[in-house]
Amino acid sequence: MTRGAGRANRVGAFGSVDKLATGYRARYFGPDGRRYKAPTLFRTKQDARAWLSLRHAEIVRKAWEPPEATSAPAPKLTFKTYSDTWLPARKVKGRPLKDRTAEHYRYLLDEHILPGLGTLPIGSITRDDVNNWYDKLSADTPTARAHSYGLLKTIMGSAVADGKAPFNPCVLKGAGSAKRAHKVKPATLPELEVLTATLPERFRLMALLGAWCAMRYGELTELRRCDVDVSDRTIRIRRGVVRTRKGFNSDGGPKSDAGIRDVAVPPHLMTAIEQHLAKHVGPQPDALLFPAASGGHLASAAFYRHYYKARDLAGRPDLRFHDLRHTGAVLAAQKGATLAELMARLGHSTPAAAMRYQHAAAGRDRQIAELLSTLVKPVGAPTE
């Protein structure tokens, strides 16, 4: 065969076919960048091309195995198989996932990740696969989209660490974060006063603590009589309740380690706390501060049907209960609380989380400007 004839055979086709003295040789480059050849020579060029077509088809459908593998290779480890074993074994700081987090991950996998990537071998998922999958996710749900991408990146990172994937294909910058869909406007003190006054009496303290002590709904509904130290004006937060498909669960503690904290209560709330303890809380140390009417933990639906009416009467139909934490953060910041102090009060483990609760209160900029002027002596004032 003349020199260059083999290269001619490669033009416009997968692999190459070379004519040798005893038959035709078929060779190709695999997905791993290495060159492979057929184990035998072929009688005709068409037979060699047919063999190459089979190898090309295997690569396209991501079922290709290196020729060095056994003649009966084990089934490919798909992303679904790996993620199904990864989720129950996942640990954060040495501890299993909280029930609510595990449920959220399961939902993201079933609804957003597995339909597009579940059947692919985890070791063959490429950047193009991830990019194409991400582009098909609905842009109308940016939070779910970002959470799904973040979860995929975490799972692929574990697969790399376990030796199941050669690299992490999740390299889209910013894909794991989303802009806040709900723009929070903290409640003003007059709005908070109207909202609290229009709630049923047994729920008023919930709104007050949610705002002035920046407590989460799950923390409030798990508070018990023994958690309130009236003499020290302190509330000890050690647990947080969440509702999963298995029911209420308060065994997992607050949202994070930073959520375990003591919150100092503003003195003006102490009368409301003492009255609430006397009228609406059982005498037992473990009696819930805000129990359901039938006993047990308070379901969010039972509370929100009253809360929604109260916020409408306050002229704030946009105010979620969680937004009251923003009110508490603004009030504390206005009184000089540092970022570290806000992190401790709100139960945040990172400055970035605490910064999400910072807002410019209406009219505050003018007050700051006036305070700045007090640092400068009036023009013409006598000097010492």
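The values are calculated or read from the model by the stated rules, or taken from the named source; none is laboratory data. Please read all numbers here as calculations on a predicted model, not as lab measurements. Every residue, glycine as well, gets a Cβ built from its backbone with ideal geometry; the counts of neighbours run over all protein chains shown.
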Give just the number: which of (1) in a helix (DSSP H, G or I); (2) over 15 Å from residue 79 (Cα atoms) does residue 157 not satisfy? (2)
Could you pull out every one of the helices (runs of 4 or more DSSP H) wholly within the stretch 58-142 that has 3 or more residues that are touching a strand residue (DSSP E or B) at 6+ places or on another chain (Cβ under 6 Å) and touching a residue at least 12 places away in the same chain (Cβ under 8 Å)? 99-108
Taking the condition of being within 12 Å of residue 191 (Cβ to Cβ), part of a helix (DSSP H, G or I) and not hydrophobic (A, V, I, L, M, F, W, C), how many residues in the stretch 304-334 meet it? 4
Restricting attention to the stretch 201-220, report how many residues are charged (D, E, K, R), closer than 15 Å to residue 308 by Cα and crowded, with 22+ Cβ neighbours inside 10 Å. 0
For the stretch 259-296, name all the residues that are surrounded by fewer than 12 Cβ atoms within 10 Å (Cβ to Cβ) and at negative phi. 264, 267, 268, 271, 278, 279, 283, 284, 285, 286, 293, 294
Matching residues in the stretch 123-149 - criterion: being surrounded by 16 or more Cβ atoms within 10 Å (Cβ to Cβ) and of a type outside the set (S, T, N, Q): 123, 125, 129, 130, 133, 134, 137, 144, 145, 146, 147, 149
Qualifying position, being under 16 Å from the mean Cα position of the chain (by Cα), surrounded by 13 or more Cβ atoms within 10 Å (Cβ to Cβ), closer than 20 Å to residue 168 by Cβ and not aromatic (Phe, Trp, Tyr), among 87, 97, 120: 87
Condition first: in a helix (DSSP H, G or I) and either within 14 Å of residue 260 (Cα to Cα) or modelled with pLDDT under 90 (or both). Now tell me which residues in the stretch 218-240 satisfy that. 218, 219, 220, 227
